[in-house]
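The values are calculated or read from the model by the stated rules, or taken from the named source; none is laboratory data. A quick note: this is a predicted structure, and the numbers were derived from the prediction, not measured. Because the Cβ atoms are built from the backbone with ideal geometry, glycine has one as well, and the counts that use them run over all protein chains shown. Side chains are part of the model used for accessible areas, which takes the heavy atoms of the whole protein and leaves out ligands, DNA and RNA. Shrake-Rupley method; radii C 1.70, N 1.55, O 1.52, S 1.80 Å.
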Number of protein chains: 2
Amino acid sequence: MKISCKKLDLMQGVNIVMKGVSGRTTISILECIIVSAQYNEIKLTSNNMQMAVETIIPGTVEEDGSIALDAKMLSEIVRKLPDESVRLETESNYNTNIISGSFKGDMVGRSAEEFPAIPKIEKNDYMEISRFVLRDLIHQTIFSVGDNENNIIMTGEKFELKDNILTVVSLDGHRISIRKEALKNQYKDQKVVIPAKTLGEIAKIIGGDEENSDIKIYFSDKQIMFIMDQTTIVSRLIEGEYLDTDRMISKDYETKVKINKKNLLDCIDRASIYSKEGDKKPLVMNIFDGKVVITTTSQYGKMEEDLQIEKEGKDLLIGFNPKFLSDALKVIEEEEVTLYMTNQKSPCLIKDDQGKYIYLILPINFSNIAR
Amino acid sequence: MKISCKKLDLMQGVNIVMKGVSGRTTISILECIIVSAQYNEIKLTSNNMQMAVETIIPGTVEEDGSIALDAKMLSEIVRKLPDESVRLETESNYNTNIISGSFKGDMVGRSAEEFPAIPKIEKNDYMEISRFVLRDLIHQTIFSVGDNENNIIMTGEKFELKDNILTVVSLDGHRISIRKEALKNQYKDQKVVIPAKTLGEIAKIIGGDEENSDIKIYFSDKQIMFIMDQTTIVSRLIEGEYLDTDRMISKDYETKVKINKKNLLDCIDRASIYSKEGDKKPLVMNIFDGKVVITTTSQYGKMEEDLQIEKEGKDLLIGFNPKFLSDALKVIEEEEVTLYMTNQKSPCLIKDDQGKYIYLILPINFSNIAR
């Protein structure tokens, strides 16, 4: 294989496929990126057996071929190359020369033959969505995914397409996050559970991209494929029935509180100083007309703070895990948020009037706390 | 004690004295900051038994007194306070209230009586130096301090004042850093060894300060005191005779090389990709007229790069620990650096014509390396 391309294109391509490289694996070929050149096209590929990433970069192919190169080392070398252009040349023993300006480095390469093939997916059922919207949907739900591998279904997020509305759901047993987004076109109904790790990597690949464009998502029984511009991502799906969250979301409430999001977040931030990692001290909210008194007590001391609110319904004394509240508040874009509560033991809902988001949080017991 | 002050002043003061708080200690009072109010002056103090830091902040004293407060928690609370002003009020049981805007927090305080007194130093022998110059002197030498506690003298830096020139020296057995600075005034000759840890914290306290001013340094037998504006730092000195570096610095050389610093640093950076943490692969320099060929070989592959140089004297093949070279190059301000070498086994000197800096680096053996 002999190719030449711009350093920047190679670097961007490597950064994208790095997301599909195994961090820790006993199969050492999975720590590699495949560079392949055929039909005048340069393709980079990675595969960690859960997710495969493939991207095509611009450049010139002088000789077809393919090579497996250690991903971490390739990434480091490419990032530090002295010149704007770079040449890659493999020798018959898989040794690969990287030449850029006055620099000539080589890497111990391996045959690309050993590398697992990327699953093929029929391009039948699909949907299209703006990449920025997809990134936001992931960002606004991924924090409440379960991390217990014994309950594998909770380690994924449900993507449900129904009547051209995409609903993304995550839950971890203490809270639920739901985001809905109306799509521009008509698609067939779908319901899949996508591993959160895949979604996290996709959000990173979209990252802070400056230009928006649409992503095509293809569905199959066991796999899902995302195609954006020159990049293709194929991920396994999680099998099994996702929990029915609809019947957990009650429309009734006894207390409705409207509060400034930043003030509440700042207050939780201060309260969290009193609750060190590990000991989960509740944030106690004492809700009256016009104000909420927020308190926390721990071995380190106690704090108390008043915040202005608009309240409808009953007064209420309720306790929360401060992290669960702040996780949800941080991803809400609105300046004002509305909390719907029933009593000390029933879930609190944070939701908007348009039905774009619902965050359900279970309160926690604080009866053993001095008040 | 009852005091009030600006949040920003308290935060800056706490940040300064935090540098003198013990990280890990069995004496828990050393994890505290003392806040004391007397004669209408608010003073913050810390002491880790090696170094004590004291700073005075502006504010109003309503009631004299003092209290020991957990440094980490105080720092976190102050940083996150909602209002621009803050009140501290201690109760008779050492409980301390912190009030700012609608926030009211308290902390479990302790009697300040237990806290070790700061050593007193006679204000006799002293010198003055610009704080920016002191910060640079520390920054440009501290990287080559020894980290072996069995050789305690090498864990400090020699500050030698002679004929109104301050010479700062550090060494770790493989390299020596020397920086000289002419002082503006006449002072008595001095020679002390200051713990590198103290110097590092002083450099951090000076940090990115926007305004320069002079620091007064007072010398005594066992302690040294730094006074800058409202802050006083007292540190123990390291006892013992510092190594005589003068006789290690030879004026003779066989090969003199002038090279662009950034190009050499970038090349070392690329070479270091081939030498992972732990395995010290040498950077081999093959020096000819007009160019140096730099190579590195390891199990991961090899690299080769040519750099332009101006050479006087003999050709030379010599090997270095790449980190030792780059540590020195990174702190040199000039764009071009000059290396003076004799042979494969003798030290290399990097020095300027004005005699402001000398970096001595021992070469390493590379006879077992394929060339």
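Pairs spanning more than 23 Å between alpha-carbon atoms, out of B:K72/B:K104; B:K19/B:K280; A:K281/A:K330; A:K80/B:K302; A:K330/B:K6: B:K19/B:K280; A:K330/B:K6. Between A:D229 and A:A182, the modelled label-to-label distance comes to 3.0 nm, taking each label 7 Å out from Cα in the direction of the beta carbon. Taking the label point 7 Å along Cα→Cβ, B:K188 and its counterparts in the other copies are spaced 9.3 nm apart, in ascending order. Projecting 7 Å from Cα along the Cα-to-Cβ direction, the label point of B:P58 sits 5.7 nm from its equivalents in the other copies, listed shortest first.
Could you pull out which residues in region A:65-96 have an amide N less than 19 Å from a spot 7 Å beyond the Cα of B:N263, following the Cα-Cβ vector? Correct set: A:80-85. Estimated from helices alone, the mean residue ellipticity of the protein assembly as shown at 222 nm is -5000 deg cm²/dmol (sum of -39500 (n - 2.57) over DSSP H runs with n ≥ 4, per residue). Oblate is the label for the protein assembly as shown, because the ratio a/c of its alpha-carbon gyration tensor axes (a ≥ b ≥ c) is 1.5 or higher and a/b is not greater than b/c. Dipole check for chain B: with +1 at the C-beta of Lys and Arg, -1 at the C-beta of Asp and Glu, and the Cα centre as origin, the magnitude is about 880 Debye. Once you list every other residue whose beta carbon is under 15 Å from the beta carbon of B:D147, what net charge do they have if Lys and Arg are +1 and Asp and Glu are -1? Charge balance near B:D147 sits at -1.
For the listed peptides A:261-270, A:347-356, a ranking on the average number of other beta carbons within 10 Å per residue, highest first, reads A:261-270, A:347-356.
Counting only protein heavy atoms and a probe of 1.4 Å, the accessible surface of region A:240-371 is 45% carbon and sulfur.
Sparsely packed loop sites in region B:92-175 (the trypsin sites (Lys or Arg not before Pro) outside DSSP H, G, I, E and B with at most 10 other Cβ atoms within 10 Å) comprise B:K120. Summary value for region A:287-371: 23 percent relative contact order, contacts being C-alpha pairs under 8 angstrom separated by 6+ residues.
Rounded to the nearest 20 debye, the dipole magnitude of the protein assembly as shown is 820 debye, with +1 charges on Lys and Arg beta carbons, -1 on Asp and Glu beta carbons, and the Cα centre as origin. Here the gap between B:Q38 and B:I152, fully extended at 0.36 nm per residue and compared with their Cα-Cα distance, gives a gain of 37.1 nm. Inter-chain Cβ neighbour count for A:5-13, averaged per residue, equals 0 (cutoff 10 Å, partner chain atoms only). Computed from backbone phi with θ = phi - 60° and the Karplus coefficients 6.51, -1.76 and 1.60, the 3J(HN,Hα) list for region A:157-169 is 10, 7, 10, 10, 10, 8, 6, 6, 10, 8, 10, 10, 10 Hz; x is used for glycine and proline.
Applying 1/(1 + (r/R0)^6) with R0 = 56 Å to the Cβ-Cβ distance of B:L8 and A:K222 gives a FRET efficiency near 0.45.
On the rotation that sends chain B to chain A, the chain B Cβ lying closest to the axis gives residue and distance in whole Å as B:G208, 13.
A:V193 exposes around 10 Å² of accessible area when a 1.4 Å probe is run over every protein chain in place.
With both labels modelled 7 Å from their Cα along Cα-to-Cβ, the A:E211 to B:E336 distance reads 4.4 nm. Taking other residues whose beta carbon is less than 10 angstrom from the beta carbon of A:V17, and scoring Lys, Arg as +1 and Asp, Glu as -1, yields +1. With Cα atoms defining each centre, region A:51-98 and region B:217-276 are spaced 40 Å apart in the structure. Relative contact order (percent) for region B:20-170, with alpha-carbon contacts under 8 angstrom and 6 or more residues of separation? Taking the mean separation of contacting Cα pairs over the length of region B:20-170, I get 14 percent. Distance between the modelled labels on B:N343 and A:L362, one decimal in nanometres: 7.7 nm (7 Å Cα→Cβ projection).
Placing unit charges on the Cβ atoms only, positive for Lys and Arg and negative for Asp and Glu, gives region B:212-316 a dipole magnitude near 220 debye about its Cα centre. So, counting K/R as plus one and D/E as minus one, what does the shell of residues with Cβ under 13 Å around A:I56 add up to? Around A:I56, the surrounding residues sum to -3. By the rule of a C-alpha distance below 18 Å, with chain neighbours fewer than 8 residues away ignored, the aspartates and glutamates paired with A:K184 are A:D125, A:E128, A:D136, A:E160, A:D163, A:D214. Once the partner protein chains are put back, region B:46-87 shows a loss of at least 20 square angstrom of accessible area, versus the chain by itself, at B:M73, B:E76, B:I77, B:K80, B:P82 (probe 1.4 Å, ligands and nucleic acids excluded). Taking the accessible area of region B:16-73, probe 1.4 Å, and keeping the other protein chains in place, the carbon and sulfur fraction comes to 47%. Note that region B:348-363 has calculated 3J(HN,Hα) couplings of 9, 10, 10, 8, 9, 6, 7, x, 7, 9, 9, 10, 9, 10, 6, x Hz, one per residue in order, obtained from phi through the Karplus relation 6.51 cos²θ - 1.76 cosθ + 1.60 (θ = phi - 60°); glycine and proline are x. Each residue of region B:66-72 was assigned a 3J(HN,Hα) from its phi angle through the Karplus curve 6.51 cos²θ - 1.76 cosθ + 1.60 (θ = phi - 60°); the sequence is 8, 8, 9, 10, 3, 4, 5 Hz, with glycine and proline shown as x. Each part gets one Cα centre, and for region A:1-49 versus region B:146-194 those centres are 50 Å apart. Peptide A:351-362 has a mean shielding of 0, counted as Cβ atoms of other protein chains within 10 Å of each residue's Cβ.
Applying a threshold of 24 Å to the alpha-carbon distances of A:K158/A:K276; A:K291/A:K323; A:K256/A:K356; A:K258/A:K323 flags A:K158/A:K276 as lying beyond it.
The long axis of helix A:322-331 is offset from the longest Cα principal axis of chain A by roughly 60 degrees. In peptide B:263-269, what is the residue-averaged number of other protein chain Cβ atoms found within 10 Å of each Cβ? Taking all residues of B:263-269 together, the mean is 2.
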